[in-house]
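The values are calculated or read from the model by the stated rules, or taken from the named source; none is laboratory data. Note that the structure is predicted; figures quoted are calculated from it, not measured. Note that each Cβ is placed from the backbone with ideal geometry, even for glycine, and that neighbours are counted across all protein chains shown. With ligands, DNA and RNA removed, areas are computed over all heavy atoms of the protein, side chains included. Shrake-Rupley method; radii C 1.70, N 1.55, O 1.52, S 1.80 Å.
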Amino acid sequence: MLASLVIVFREVFEAGLVVGIVLAATQGVAARGAWLAGGIAAGTLGAALLALFAGAVQSAFAGNGQEAFNAAILIAAVLMLSWHQLWMARHGRQMAGEMKALGREVALGRRSLFAMALVVAVAVLREGAEVVLFLYGIAASGHEGWGALMLGGALGVLLGALVSFGLYRSLVAIPVAKLFTVTGWLIALLAAGMAGQAAAILAGADLIPAWGYQLWDTSGLLPEDSIPGRALHALVGYADRPMGVQLAAWLAVLAALVVGARQTRQAAPRPRQPSLLQRRSP
Amino acid sequence: MPIGRLGLPLLIALAFAGSRAALAAEPVVLMLKDHGFVPAEIQAPAGERFRIEVTNQDGTPAEFESSDLRAEKIIVPGGKITVIAGPLKPGTYRFFDDYHPDTAKGVLIVPERQAEK
């Protein structure tokens, strides 16, 4: 039972960290609960479908189907996180300005929510497919004590969800004025980490050049497969033996999001407050 | 300054211009049977990129995983996967089936390079 608890917890925990950040980042946006729950449901359904067609995925793209699929959904998540980041950069300024823009913001907020629901779905899909296949294997082997293993799996899901909830609660305890600055950085790091992972997956299958297969080795210091290592991997894309292209993708996306958000904030329509405008302009 | 907009496509373009490490012609062949690896110990040359072929002869799914080799790939029952690993330094590298980590584990040994001639 313990073995299945550990295996399932690990996967749910990784997805849960992403869900926790997304929940905090969408704090205060109307109807986000339904959207994000939809994202989790879609991810779970997708995971079951992916497990069902695992054989077909495996043999697709000359045996590189799993790599191509994982990289593709990671890149989709990076694009969605970027969209949200830029939207927040704009939205934050407008919220502080005229309230008459609110109607438009709600419509825009819906698009950002769709993007974030997709990010949640991708996180659940990636880790969920492994859980589904693992539990299917237990059920199919019908070996003794599979009930206990299933119970362990259920407890693993519960514990993983608790971590997610705990992260969310500690994030929203941050004062609102600071919250979106913190979640902004978390989203940028999350996107950078996912971009790095996508690059590492593609380079690992020789689909793109690696630019150095191992830039450094910190597996002795902080192994990527330990729980803190996994948490950092899921949150900021930590790798104990990163490839060159992985670091490059990480840096590129982080820089693009930080610079992009700054530019959007500057270009966003400002509230009609000349004194404020003058003070902030160089 | 459009650094963000120019930088990314530039990086992507550069990414495809690099060169790759040589790939060994012969894959290392592994089999999963009764939730164990056959053979449980394999060898690979140092400093070379090589393929590992894993066939799953069990009736349940498996996941070939190794943080040492940076591999993580699902194998359906009766399925076969190929992962590419390396280039590695001489040493011992562990791998396992993530779904049966207690029984299905093995090591890859990269021997010290013998003196030339």
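Principal-axis analysis of the Cα atoms of chain A puts helix A:227-236 at an angle of about 40° to the longest axis. The ellipsoid that matches the Cα gyration tensor of chain A has semi-axes, each √(5λ) in whole angstrom, of 36, 23, 17, with the longest given first.
Quick one: longest stretch of chain A between exposed loop chymotrypsin sites (Phe, Trp or Tyr not before Pro), exposed meaning at most 14 other C-beta atoms within 10 Å and loop per DSSP? Intermediate results must be reported in sequence, preceding the final value.
Numbers: sites that count: A:Phe53, A:Trp216.
Longest gap between qualifying sites, sites excluded: A:54-215.
Protein-only accessible surface at a 1.4 angstrom probe places the residues A:Leu162, A:Leu167, A:Leu2 in the order A:Leu2, A:Leu162, A:Leu167, largest first. In a DSSP loop and with at most 11 other Cβ atoms within 10 Å, the GluC sites (Glu not before Pro) in region B:51-117 are B:Glu112, B:Glu116. Summarising the overall dimensions of region A:99-241 from its C-alpha atoms, the Rg and Dmax are 19.5, 65 angstrom. Chain A packed on chain B takes about 3000 Å² of accessible surface away from a 1.4 Å probe, both sides summed.
Taking every C-alpha pair closer than 8 Å and separated by at least 6 residues, the mean separation divided by the residue count of chain A gives a relative contact order of 33 percent. Using Cβ point charges alone (K and R +1, D and E -1), the dipole size of chain A about the Cα centre works out to roughly 1900 debye. Note on B:58-70: average number of Cβ atoms from other chains within 10 Å of each residue's Cβ is 5.
So what is the relative contact order of region B:20-117, in percent, for Cα pairs below 8 Å that sit 6 or more residues apart?
Numbers: 241 pairs, mean separation 29.5, N = 98.
Worked out over region B:20-117, it gives 30 percent.
Relative to the longest principal axis of the Cα atoms of chain A, helix A:244-267 runs at roughly 30 degrees.
Taking only Cα atoms, what is the 0 to 90° angle, nearest 10, from helix A:176-204's long axis to the longest principal axis of chain A? With both axes taken from Cα atoms, the answer is about 40 degrees.
Looking at chain A, the accessible area is 46 square angstrom per residue; that uses a 1.4 Å probe and ignores ligands, DNA and RNA.
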